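The values are calculated or read from the model by the stated rules, or taken from the named source; none is laboratory data. In this text the structure is predicted, and so the values were computed from the model without any measurement. Here Cβ is always computed from backbone atoms with ideal geometry, including for glycine, and neighbour counts include all displayed protein chains.
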């Protein structure tokens with residue numbers, strides 16, 4: 001019992017990777033550094049812009065936990081601003097310093113909740129106002145605009161750019177945002193039969209509405225259901241379901257031949273191998289279409305004309321497979337469990353996963369193979 005009680009004092013967060021630690025710390029360094037540089041410009045010296053301690057706490061949220069609802073642009077900018085307004089209002093009306101601080105922070109928290117903009121550094125912003133009556137007397141409610149709202153907005157803009165450069169999503173997607181294919185349908189992994197109100201009720205029931213967004217909850221439940229479904233496939237691996245009679249092309253294969261193979265076999269993808277038989281990439285039909293569209297825009301001609309030119313076998317300098325192939329697609333080994341392949345194909349971003357053995361392709365698992373395996377597992381389970 002004693003050990004169980006002490007466990008409540010242990011770290012609640014999992015171990016972070018060194019890369020993520022550097023990414024988050026580097027983001028805060030860049031964000032605050034850029035904000036400080038901008039505020040030091042002579043042109044802005046008279047604008048009432050300067051750094052205050054709560055901006056450091058804001059940086060922790062924006063760069064270390066950008067998926068948190070507490071770190072989203074609305075929460076950061078509006079939260080800090082309404083807390084500043086509350087702090088200034090209390091400072092102007094209450095003389096006692098102890099009561100002033102307590103009342104400012106409490107009112108600031110209430111204001112953030114009402115505004116649906118809870119941002120923990122906002123409590124510190126309200127406290128800064130309450131502790132500096134001379135500053136409040138000088139700036140008044142303008143303190144909520146400069147420096148609070150303006151500098152917070154600068155940090156948010158830096159966080160948005162930094163997230164894109166480092167492969168993160170910020171701001172997070174909302175429940176009704178368009179999916180991968182720019183349609184109203186959400187990603188397959190998130191289609192749970194639960195609507196926004198039901199997901200929100202779950203968050204409210206477990207008092208997690210301030211810690212987790214509806215979109216994140218949908219994605220987590222979807223991933224959990226997908227993982228649970230994969231258990232029904234038993235010990236099946238990529239070796240068990242992969243297609244073995246492969247049609248491949250070489251890196252130097254002209255796109256005219258590639259197009260002929262697509263037409264002949266009805267495939268949507270073709271593996272690309274090197275002269276030594278090593279797997280080097282994959283070509284999807286969409287790659288031909290994208291290249292034709294680029295050529296059409298560059299040469300100012302129609303798409304069909306550009307496509308005909310692209311796959312023309314009589315071209316003096318034909319475009320080769322290696323020029324349009326993708327080298328970043330997921331890969332598997334013969335022993336890769338089906339459970340690991342399901343998430344790769346569920347979101348529609350990947351149609352086929354090559355199976356490699358010591359660098360050479362020995363098979364390919366398509367979405368059709370995966371559906372057939374799941375159907376077989378379901379039938380045998382019944």
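Details
- Which listed residue, of 266, 302, is closer than 21 Å to residue 368 by Cα and free of Cβ contacts under 8 Å to residues at least 12 places away in the same chain: 266
- Yes/no for residue 275 being modelled with pLDDT of 85 or more, in contact with a strand residue (DSSP E or B) (Cβ under 9 Å, 6 or more places away or on another chain) and over 26 Å from residue 374 (Cβ atoms): no
- Within the stretch 206-229, tally of residues that are more than 20 Å from residue 171 (Cβ to Cβ) and modelled with pLDDT of 70 or more: 4
- Residue 242 under 31 Å from the mean Cα position of the chain (by Cα), surrounded by 15 or more Cβ atoms within 10 Å (Cβ to Cβ) and at pLDDT 85 or above: yes
- For residue 56, the criteria (1) surrounded by fewer than 18 Cβ atoms within 10 Å (Cβ to Cβ); (2) outside any helix (DSSP H, G or I); (3) touching a residue at least 12 places away in the same chain (Cβ under 8 Å) hold in every case but one, which is (2).
- Hits in the stretch 313-340 (condition: closer than 17 Å to residue 261 by Cβ and out of contact with any strand residue (DSSP E or B) (no Cβ under 9 Å at 6 or more places or on another chain)): 323
- Some residue of the stretch 289-297 being in the same structural domain as residue 337 (by TED's automatic domain parsing) and either exposed (fewer than 13 other Cβ atoms within 10 Å of the Cβ) or closer than 17 Å to residue 362 by Cβ (or both): yes
- Selection from the stretch 64-123 of residues that are part of a loop (DSSP other than H, G, I, E, B) and more than 24 Å from the chain's Cα centre (by Cα): 94, 95, 96, 115
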